[in-house]
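The values are calculated or read from the model by the stated rules, or taken from the named source; none is laboratory data. Keep in mind that what you see is a predicted model, and the values were worked out from it rather than measured. Here the Cβ positions follow ideal geometry from the backbone for every residue, glycine too, while neighbour counts run over all protein chains shown. Only protein heavy atoms, including side chains, enter the accessible area calculation; ligands, DNA and RNA are left aside. Shrake-Rupley method; radii C 1.70, N 1.55, O 1.52, S 1.80 Å.
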Amino acid sequence: MSVRTADSQHLVLPDDEHNRKLVGNVHPSNWVNPESDGRYNIVVVGAGTAGLITAVIAASVGAKVALIERHLMGGDCLNVGCVPSKGLIRAANAWAQVRDAPVFGARIPDGASFDFGAAMARMRQLRARISHVDSAHRYKSLGVDVYIGQARFVGPDTVSVEGAAGNRTLAFVKAAVCTGARAAAPPIPGLEEAGYLTNETIFSLTALPARVGVIGAGPIGCELAQALARFGSRVSLIEAMHGILPNEDRDAAECVQQSMIRDGVALLCCGKDLRVEKVSDGKRLIVDSHGRHHDLTVDEILVGVGRAPNVQGLGLEAVGVEFDKTGVTVNDRLQTTNPRIYAAGDVCSRYKFTHAADAMAQILIQNALFPHPFGLGYASMASLNMPWCTFTSPEIAHVGLYEAEAVKQGLQVETYTYKFDEVDRAILDGDEEGFARLHIKAGTDTILGATIVGSHAGDVISEVSVAMKAGVGAKTIAATIHPYPTRAEVIKKTVNLWRKAHFTPRTKSLLTRLFAWLRR
């Protein structure tokens, strides 16, 4: 996100009514930091998801809480992550639906067009509307002392806040580092000189770039590459590894890859010797892919790979909080190497998800404010069962273990896959891509993990997540009535494959004899 500071006012670009409303909520220019009147039970540094949840829960149970943010409250999720990206993706999907509407009998007149600028304005309007939830004024009304400024630990139990109207020094019993992470670019020759976009700047665009080079085929790169291609950009997606979404099952990623290719994305995977040059008519990308040399010129480069934790300038060294290039070091309780100070969210987690930050904040609160004697019964990161979703079309969602991970742990696994092209609702919707896959521990009905690829996979995966968290297995899902016709039926149909596999010939033979006896 492009931001400049002038006369103490932060401006998110473009400077329009929507972004002024956003900034008025999450970084009000006239905000006056409160005067501290005593020690805080907890001082929270960073007002992204982890910090906001930590602060609001702590305040709701009666703790005295300070929340410090130097930039925009709401963090990446609201300002440059989940919210704007899903707003943009929804608009791109709407245009794809118009493109594909003739198959359903709709007659689209020649010359039908889209307005990328209008789609981006809609995104900014909705982001501004949602921003009230994360606003400084709302958190103040919930009993949180909100400070806008740069935080720095200056003593074993004190934090300094450098704000527009002067400094404050806050004393604490406990503190939480929730400063998140930022986009970082790989060391590609010529990239810095040519200039590039990241998720932090792309949502300031008001006009569609005609030619875009996307570096990195992870979730961010794939989501935005497909969205831009659906709007009409000529997108080249460059990935150092083979294919896209390298952490997912290959056949699941292949479903997404083929969809992206149909949308016009040119995939240059196994990319080697990538370099960038600034040229008169744009930015030149030179790369070798699968034995072929590619030399292409684009208008914009989007870097969709690399995150760096926000640890600089916090004074962590002075208070004994260890960190490295991956982030702040924490134990299973989210306690740092300074027992007074905890951390949560992207600054210390391998799970860079909003919902992960939310879950970690709740663990942090339990351990920081309600420590159990002798460390027994503490809330633990090990208890988390983390689902995630990549919001391409089709979506990929996953929870638990992949088959290879389960085998590596010495577990015997039975894997069952059911395709959407055998699910009535998917057939009727004309949206049959993908499948559901369950990994079940052999000899039990325990679900070890699941992958779903298809429309609304991120919604459908939650049934499996609940079952795994509740400790119920395939038998419970099999006994659960699923409304017909829905896409969620794919879960029950996958479980039925497991049930059928365990209906052995011996069992059938015994039942055949029983039924024959009953006929006598």
Subtract the Cα-Cα distance of N331 and L126 from 0.36 nm times their separation in residues, and report this length gain in nm to one decimal. 70.0 nm
Quick one: check the C-alpha center-to-center distance for the range 248-278 versus the range 105-146, whole angstrom. 29
Over the range 259-370: Rg over Rh, Cα atoms, Kirkwood Rh: 1.19
So what is the accessible area of the chain per residue, in Å², with the probe set to 1.4 Å? 47
Excluding ligands, DNA and RNA, the carbon-plus-sulfur percentage of the accessible area of the chain with a 1.4 Å probe reads 53
Between A442 and H290, the FRET efficiency computed from the C-beta separation at R0 = 30 Å comes out, to the nearest 0.05, as 0.20
Could you give the length gained on full extension between D281 and D115, defined as 0.36 nm per residue of separation minus the Cα-Cα distance, in nm? 57.4 nm
Separation between the E254 and K140 pseudo-spin-labels, each 7 Å from Cα along Cα→Cβ, expressed in nm? 5.8
In units of 2.2 N^0.38 Å, what is the alpha-carbon radius of gyration of the chain? 1.08
